[in-house]
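**Q** Have a look at this one before I ask anything.
The values are calculated or read from the model by the stated rules, or taken from the named source; none is laboratory data. Everything numeric in this text was worked out from a predicted model, so none of it was measured. Positions of Cβ are backbone-derived with ideal geometry, glycine not excepted, and every protein chain shown enters the neighbour counts.
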Amino acid sequence: EANACSPPMNFSMIWKFDNSATFSVSFGGSSNHQISISPVGAGSAGSGVLLRFSGITTTITGLLPSTSYSVYTRDSCTNGNFSTWVGPLTFTTSCAALPAPWFEPFDSNDWTPAPNNQAGAWPSCWTRTSNNTGMSFVTGPPPFNSFNTGPNDDHSIGNSGKYVYLDAIGFGGTGTST
């Protein structure tokens, strides 16, 4: 027997923050819906946290900052009669705001120096852009330090910490940074 409960339509995310996200849906076969959310790769439709809502919008709270999630929804027409799942919508919550004063020692595993003066890895809530000038913010310490292009330690006890510095990656024909 075919399922008489039509799935919701126009499932979309309206906005997201560091710990919540709001979704919208058009009615399918009912005004009562279920929504399922789980971290990306941790489950399929209906296997994550399952919440019920009525109307056309719902906000899911208690999410983790800078985390990717998959979200599905379905209609609940009558007791035990559900539509097929719609989705997934995949999104990443925003980074959490940092209270002032703030300090970054650059010593977590997310800050990874790379060989040959490459950029290295940065945590997900940090960004850098390239402006094609040959200058780059780099995670240090580098495996070798070019003469006069950046620091050679971070001044922590034992000189073993990480740091970020601006390095001239390329050189012009006159020996000047480009």
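**Q** What residue, of T67, T84, T73, is touching a residue at least 24 places away in the same chain (Cβ under 8 Å) and in contact with a Phe, Trp or Tyr (Cβ under 6 Å, 6 or more places away or on another chain)?
**A** The unique qualifying residue is T73.
**Q** Go through region 66-82 and report how many residues are modelled with pLDDT of 90 or more, on the phi < 0 side of the Ramachandran plot and of a type in the set (S, T, Y).
**A** The total comes to 6.
**Q** To continue, here is another question. Checking the condition farther than 23 Å from S94 by Cα and of a type in the set (A, V, I, L, M, F, W, C), which residue from F17, F53 passes?
**A** F53 is the lone residue from the list that is farther than 23 Å from S94 by Cα and of a type in the set (A, V, I, L, M, F, W, C).
**Q** Is it the case, given these coordinates, that S31 is closer than 20 Å to S12 by Cα, at pLDDT 85 or above, of a type in the set (S, T, N, Q) and surrounded by 14 or more Cβ atoms within 10 Å (Cβ to Cβ)?
**A** no
**Q** Of all strands (runs of 3 or more DSSP E) completely enclosed by region 1-64, which ones contain at least 3 residues that are farther than 29 Å from A97 by Cβ?
**A** Once the strands (runs of 3 or more DSSP E) in region 1-64 are filtered for at least 3 residues that are farther than 29 Å from A97 by Cβ, what remains is 32-39, 49-54.
**Q** Modelled with pLDDT under 80 and either closer than 30 Å to A4 by Cβ or part of a loop (DSSP other than H, G, I, E, B) (or both): does that describe D167?
**A** When the stated conditions are applied, D167 does not pass them.
**Q** While we're looking at this one, here's another question. On the basis of being under 12 Å from P88 (Cα atoms) and touching a residue at least 12 places away in the same chain (Cβ under 8 Å), does S30 make the cut?
**A** no
**Q** Is one or more of the residues making up region 3-24 surrounded by 19 or more Cβ atoms within 10 Å (Cβ to Cβ), of a type in the set (A, V, I, L, M, F, W, C) and within 30 Å of T139 (Cα to Cα)?
**A** So far as region 3-24 goes, no, none of its residues is surrounded by 19 or more Cβ atoms within 10 Å (Cβ to Cβ), of a type in the set (A, V, I, L, M, F, W, C) and within 30 Å of T139 (Cα to Cα).
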